[in-house]
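Written below as structure tokens is the structure these notes are about.
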Amino acid sequence: MIKVNHLSKNFKLYDSPSDRLKEIIFRRTYHHIYNALNDVSFTVNSGQTLGILGKNGAGKSTLLKIISGVIFSDNGTIDVEGKVTGLLELGTGFDKELTGLQNIISNGLLIGMTKEEIQQQQASIIEFSELGSFIKEPIRTYSSGMVMRLAFSIAMHAKPDCFLIDEALSVGDAHFQQKCMHYIKDFKQKGGSIIFVSHDLNAVKMLCDYAIVLDQGNIVAEGSPEVAVNHYNRIMAKLDEQENQLLKNEDGQNFGNKKAYISTAELLGEHSKSNMISSGEIAYLNVAIVANDDIQNVNIGFLIRDRFGQDIFGTNSHHLEQTLSLKKNQHYQAVFKITMELSPGKYTITLALHSQDNHIDDCYHWVDNLLSFQVAGINGYKFTGVCRLNSCLCVSER
């Protein structure tokens with residue numbers, strides 16, 4: 001069990017290294033305070049996994065370093081039952097000039113293993129890491145994935161009661177990630193406590209019993225993984241607002257006879273309530289239309305493009321058999337309900353008002369890249385490629 005009570009941590013930041021010396025000599029303040037954590041409290045019981053989400057700089061890594069004893073807090077307490085170990089920033093505790101074999105000994109001692117335990121577990125550590133003959137090579141020659149393999153293998157053989165994981169799994173290959181996930185699930189079932197920090201929203205939903213969201217050192221949301229992921233999505237969506245505005249103003253084309261035009265539009269996930277959604281989530285594309293003339297047989301359409309500008313999917317009201325009729329000086333609201341079975345990534349939406357089934361004959365308004373949205377995490381089963389097609393499997397004996 002891990003119990004964190006009212007934890008706070010501040011750092012002194014200096015504009016230049018010389019300011020530290022000036023502060024000592026002149027007894028004046030040359031630093032400013034950065035509040036990394038502010039009154040953070042939570043409990044992780046035995047057999048539970050807590051997910052921690054937050055943008056870069058939110059305080060996630062600082063929190064795990066305090067729990068693991070790498071740094072100390074300014075205020076608050078931490079109560080831990082049993083041995084704590086884990087994967088912090090990739091490569092923490094390794095000497096790059098030493099071989100993998102030598103680092104098993106030095107890192108093992110660092111995380112609390114005895115020399116006898118390291119000797120007994122050494123063969124198993126090497127086998128689990130799957131590094132083979134590379135175990136005799138210096139760490140500086142390893143890829144980030146190889147470093148993660150060794151770090152995870154040493155940590156799990158330390159037989160902790162509480163396991164801390166900070167983004168380390170994201171650099172491994174799919175095979176080893178699955179191997180690690182299997183160990184984590186087994187560790188949890190045996191009563192271990194886990195704190196899992198990751199930007200992989202699908203992994204948080206799959207592994208965690210509950211989650212918290214950190215923003216500027218504060219817990220701004222806590223609850224089920226779904227609740228936390230949705231709040232995190234809204235935070236990340238705000239960070240993309242400036243980028244989205246650039247897409248609208250610089251990359252887009254805006255043309256048409258303006259007999260009718262698109263005044264505003266937005267895309268909102270059903271659960272996220274933002275333009276950052278999960279793959280498989282239902283999203284609503286809301287489009288406001290203004291008519292400058294009486295027009296019959298008007299169609300509204302949208303086109304989704306990926307970050308490379310490739311057309312991913314598009315349709316319009318003609319194909320959906322819902323042609324519109326507009327009256328002069330009237331305002332209209334059109335809503336597309338879309339199940340976003342797209343792979344994670346960034347996308348743009350182009351919108352158009354036209355006659356017939358395309359914009360070739362009468363284009364009233366065309367706006368390129370009016371909206372941007374991001375797909376982060378996957379609801380349901382994983383897939384590869386651009387999109388997920390509805391599929392099922394039936395096996396019978398012949």
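Computing the accessible area with a 1.4 Å probe over protein heavy atoms, can you report the carbon and sulfur percentage for the chain?
Working: 10280 of 20860 Å².
After summing per-atom areas, the C and S share lands at 49 percent.
Of Asp215, Asp39, the order by accessible heavy-atom surface (1.4 Å probe, DNA, RNA and ligands excluded), from most exposed downward, is Asp39, Asp215.
For the range 370-385, backbone phi angles converted through the Karplus equation (6.51, -1.76, 1.60; θ = phi - 60°) give residue-by-residue couplings of 5, 10, 10, 8, 10, 9, 9, x, 10, 8, x, 6, 6, 8, 10, x Hz, Gly and Pro being listed as x.
Could you work out the Kirkwood radius for the range 299-366, taking every pair of different alpha carbons, averaging 1/r and inverting it, reported in Å? Present the calculation step by step, with values, prior to reporting the outcome.
Values: mean 1/r = 0.0752 Å⁻¹.
Computed over the range 299-366, the radius equals 13.3 Å.
Axis of helix 115-129 versus longest Cα principal axis of the chain: the two differ by about 30°, to the nearest ten degrees. In this structure the amide hydrogen of His318, modeled in the peptide plane, comes within under 5 Å of the amide hydrogens of Ile300, none closer than 5 places in sequence on its chain. Could you give me D for the range 90-181, from Stokes-Einstein at 4 °C and 1.567 mPa s, where the hydrodynamic radius is the Kirkwood radius over C-alpha pairs? Units µm² s⁻¹, please. Approximately 99 µm²/s, per Stokes-Einstein.
Packing order of peptides 294-302, 379-387, highest average first: 294-302, 379-387 (average count of other Cβ atoms within 10 Å over each peptide's residues). Bridging of Lys12 to aspartates and glutamates at a Cα separation below 14 Å is possible for Glu23, Asp74, once same-chain residues fewer than 8 apart are set aside. The longest stretch of the chain left intact once loop-based GluC sites (Glu not before Pro) with at most 12 other Cβ atoms within 10 Å are removed from consideration, loops following DSSP, is 98-320.
Taken about its Cα centre, the chain carries a charge dipole of about 740 debye when Lys and Arg each add +1 at the Cβ and Asp and Glu each add -1 at the Cβ.
When the alpha carbon gyration tensor of the range 18-140 is reduced to an equivalent ellipsoid, the three semi-axes, largest first, read 34, 23, 14 Å. Karplus-based coupling profile of the range 269-282, in residue order and whole Hz: x, 4, 9, 6, 6, 8, 8, 10, 10, 9, 4, x, 7, 6, with θ = phi - 60° in 6.51 cos²θ - 1.76 cosθ + 1.60 and x standing for Gly or Pro.
FRET efficiency for the pair Gln296 and Leu109, taken as 1/(1 + (r/R0)^6) with r the Cβ-Cβ distance and R0 = 56 Å, rounds to 0.10.
Scalar couplings 3J(HN,Hα) for the range 138-144, obtained by applying the Karplus form with A = 6.51, B = -1.76, C = 1.60 to θ = phi - 60°, are x, 4, 4, 8, 7, 6, 4 Hz; x denotes Gly and Pro. Taken per residue, the accessible surface of the range 1-121 reaches 56 Å², heavy atoms only and a 1.4 Å probe. Take Leu63: with every protein chain present and a 1.4 Å probe, its accessible area is about 0 Å².
Count the net charge of all other residues whose Cβ sits under 12 Å from the Cβ of Leu320, scoring Lys and Arg as +1 and Asp and Glu as -1.
On the way: positive: Lys337; negative: Glu321, Asp357.
So the surrounding residues net to -1.
Computed over the chain, the per-residue total of -39500 (n - 2.57) for DSSP H runs of n ≥ 4 gives a 222 nm mean residue ellipticity of -8000 deg cm²/dmol, rounded to 500. Using a probe of 1.4 Å on the protein chains alone, the accessible area found for Asp15 is around 130 Å². A probe of 1.4 angstrom, applied to the heavy atoms of all protein chains, finds Thr339 with accessible area near 80 square angstrom.
Kirkwood radius for the chain, taken over all pairs of different Cα atoms as the inverse mean of 1/r, rounds to 24.6 Å.
Distant-in-sequence amide contacts of Glu341, defined by a placed amide H-H separation under 5 Å and a gap of 5 or more residues or a different chain, comprise Gly280. GNM, the chain, Cα, under 10 Å: largest mean-square fluctuation among Leu164, Leu150, Leu324? Result: Leu324 has the largest fluctuation of those listed.
The values are calculated or read from the model by the stated rules, or taken from the named source; none is laboratory data. Here the structure is a predicted model, which is why all the values come from computation and not from measurement. Here Cβ is always computed from backbone atoms with ideal geometry, including for glycine, and neighbour counts include all displayed protein chains. Side chains included, ligands, DNA and RNA excluded: accessible areas come from the protein's heavy atoms. Shrake-Rupley method; radii C 1.70, N 1.55, O 1.52, S 1.80 Å.
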